Ligand code: ADP
Ligand code: MG
């Protein structure tokens with residue numbers, strides 16, 4: 001990929017934009033880009049430098065992303081809307097061609113890494129609530145104020161706000177001391193010319209960590225989660241922001257029929273029945289479940305005689321009940337999967353396991369906690385897109401405003417103290 005039209009090879013210390021930005025180390029990569037930690041000599045602060053592959057179609061995609069990031073920045077002058085901030089953008093000429101570069105505020109680890117760090121055991125409800133509040137704030141802003149659909153919401157595209165100063169810890173700046181397989185597609189990134197010794201060493205360590213994690217996951221599926229290896233996230237602030245606007249669109253000006261990453265894809269996208277803001281709400285629901293349980297809500301697989309799409313629809317119905325016939329047969333692709341009664345053509349026997357039971361039986365959530373969370377999540381996973389609550393409505397849901405047992409205890413304590421003082 002480090003050839004003409006591809007990634008730009010970066011070395012530590014490389015200057016960008018006439019020397020304003022100095023590359024520090026690689027933060028991650030995606031299909032179209034590598035992302036570097038860079039020092040901004042003008043503002044004396046750290047930034048994330050997203051360097052796009054150079055070929056025409058990638059430059060086009062970067063311009064698209066810049067358009068949406070700029071719109072998001074223009075409407076959020078105080079930078080409080082939980083969307084990553086675009087600081088600057090420029091072109092950089094390298095041996096592989098011209099690369100569009102975006103300068104973004106520097107953020108920390110993705111929620112995917114957080115889930116891995118927590119060994120796929122799921123986060124405490126209060127942590128999930130904090131994360132959900134940020135993501136919903138971001139979505140409410142994009143949807144209601146900008147008319148924008150993100151179209152690719154998932155744990156990988158939600159980054160924690162970094163709490164660690166990269167200057168003090170240049171090797172690992174996020175919260176995870178555990179460096180796993182870097183994110184991005186399997187065949188992306190990683191030219192050895194740019195990889196220094198430290199990175200290689202960390203990678204080796206990461207491989208071992210990943211192996212351990214997969215062992216753990218297997219035993220989780222067996223339903224015997226032990227708390228021996230619990231990692232404490234106590235005291236860690238769960239503020240986060242939505243990133244990756246490479247697939248964003250305007251609700252009234254859409255570009256693609258097939259949107260979203262498979263596991264987070266809404267039923268109306270699979271069936272090609274048309275979509276709107278509520279596709280992001282579906283992905284949000286899938287993400288919230290994953291934060292609570294550590295497992296993807298839907299992980300469809302192609303099987304004997306049926307494809308991934310049909311398996312995906314079957315998994316949805318096993319969890320949420322039968323899809324109303326009108327919705328099932330209403331899409332341009334409905335005939336591929338459903339007969340005229342609204343039954344799947346190739347997957348006939350469904351094993352129903354409703355959400356609240358799943359949370360208790362498989363994930364061992366306390367009954368009350370499972371019930372409250374299922375009441376929040378179920379409407380978001382409505383088959384009928386127009387019945388799903390908006391981000392704004394979700395923010396007002398009682399579940400979002402539950403006072404945690406810890407906070408209750410703190411309140412009681414402070415009241416007692418007050419009484420004591422008065423007494
Ligand atoms: P792509 O569009 O190629 O998928 P992303 O914008 O998702 O690119 O970025 C790829 C990866 O780079 C992310 O998953 C994350 O690890 C890292 N990254 C992106 N933006 C930032 C940022 N602002 N701060 C820190 N890391 C970032
Ligand atoms: Mg991405």
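The table for this structure:
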{"quantity": "Residue 386 being more than 22 Å from residue 134 (Cα to Cα), surrounded by fewer than 13 Cβ atoms within 10 Å (Cβ to Cβ) and at pLDDT 85 or above", "calculated": "yes"}
{"quantity": "Selection within region 31-44 - buried (at least 19 other Cβ atoms within 10 Å of the Cβ) and within 16 Å of ligand 2 (Cβ to nearest atom)", "calculated": "32, 33, 34, 35, 36"}
{"quantity": "Residue match in region 87-99 (condition: within 12 Å of ligand 1 (Cβ to nearest atom) and touching a strand residue (DSSP E or B) at 6+ places or on another chain (Cβ under 7 Å))", "calculated": "yes"}
{"quantity": "Test: residue 135 is in contact (Cβ under 8 Å) with a residue 40 or more places away in the chain and within 15 Å of the chain's Cα centre (by Cα)", "calculated": "yes"}
{"quantity": "Selection count where residues are out of contact with any helix residue (DSSP H, G or I) (no Cβ under 6 Å at 6 or more places or on another chain), assigned to a loop (DSSP other than H, G, I, E, B) and closer than 18 Å to residue 321 by Cβ, scope region 363-383", "calculated": "1"}
{"quantity": "Index of the failed condition, residue 1 passing every other in (1) under 26 Å from the mean Cα position of the chain (by Cα); (2) at pLDDT 95 or above; (3) assigned to a loop (DSSP other than H, G, I, E, B)", "calculated": "(2)"}
{"quantity": "All strands (runs of 3 or more DSSP E) inside region 81-168 with 2 or more residues being within 16 Å of ligand 2 (Cβ to nearest atom)", "calculated": "97-105, 158-160"}
{"quantity": "Residue in region 308-323 that is in a loop (DSSP other than H, G, I, E, B) and buried (at least 16 other Cβ atoms within 10 Å of the Cβ) present", "calculated": "yes"}
{"quantity": "Answer from 78, 98, 56 - the residue that is surrounded by fewer than 13 Cβ atoms within 10 Å (Cβ to Cβ), over 17 Å from residue 152 (Cβ atoms) and either touching a helix residue (DSSP H, G or I) at 6+ places or on another chain (Cβ under 9 Å) or at pLDDT below 95 (or both)", "calculated": "56"}
{"quantity": "Residue within region 39-50 that is touching a helix residue (DSSP H, G or I) at 6+ places or on another chain (Cβ under 7 Å) and either touching a residue at least 40 places away in the same chain (Cβ under 8 Å) or more than 21 Å from residue 96 (Cα to Cα) (or both) present", "calculated": "no"}
{"quantity": "Subset of region 330-362 that is part of a helix (DSSP H, G or I) and more than 24 Å from the chain's Cα centre (by Cα) - its residue that is surrounded by the most Cβ atoms within 10 Å (Cβ to Cβ)", "calculated": "337"}
{"quantity": "Residue 301 being surrounded by fewer than 16 Cβ atoms within 10 Å (Cβ to Cβ) and closer than 30 Å to residue 113 by Cα", "calculated": "yes"}
{"quantity": "Boolean, residue 12 is more than 13 Å from ligand 1 (Cβ to nearest atom), more than 20 Å from the chain's Cα centre (by Cα), on the phi < 0 side of the Ramachandran plot and loosely packed, with under 15 Cβ neighbours inside 10 Å", "calculated": "yes"}
{"quantity": "Which numbered condition residue 27 fails, given (1) within 20 Å of residue 107 (Cα to Cα); (2) modelled with pLDDT of 95 or more", "calculated": "(2)"}
{"quantity": "Pairs with Cβ under 8 Å, 6+ apart, first in region 220-246 and more than 18 Å from residue 292 (Cβ to Cβ), second within 16 Å of ligand 1 (Cβ to nearest atom) and at pLDDT below 75", "calculated": "237/163"}
{"quantity": "Qualifying residues in region 18-30 (those that are at negative phi and in a loop (DSSP other than H, G, I, E, B)) - the one farthest from ligand 2 (Cβ to nearest atom)", "calculated": "20"}
{"quantity": "So residue 296, is it within 24 Å of residue 397 (Cα to Cα) and either in contact with a strand residue (DSSP E or B) (Cβ under 8 Å, 6 or more places away or on another chain) or surrounded by fewer than 23 Cβ atoms within 10 Å (Cβ to Cβ) (or both)", "calculated": "yes"}
{"quantity": "In region 389-423, the residues that are modelled with pLDDT under 70 and in contact with a helix residue (DSSP H, G or I) (Cβ under 6 Å, 6 or more places away or on another chain)", "calculated": "404"}
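Condition check ((1) assigned to a helix (DSSP H, G or I); (2) more than 28 Å from residue 327 (Cβ to Cβ); (3) within 14 Å of ligand 1 (Cβ to nearest atom); (4) touching a helix residue (DSSP H, G or I) at 6+ places or on another chain (Cβ under 9 Å)) across all residues:
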residue: 241; (1), (2), (3), (4): no, yes, yes, yes
residue: 246; (1), (2), (3), (4): no, yes, yes, yes
residue: 274; (1), (2), (3), (4): no, no, no, yes
residue: 281; (1), (2), (3), (4): yes, no, no, yes
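The values are calculated or read from the model by the stated rules, or taken from the named source; none is laboratory data. From a predicted model like this one, the values you see are computed outputs, not experimental measurements. Backbone-built Cβ (ideal geometry, glycine too); neighbour counts: all protein chains shown.
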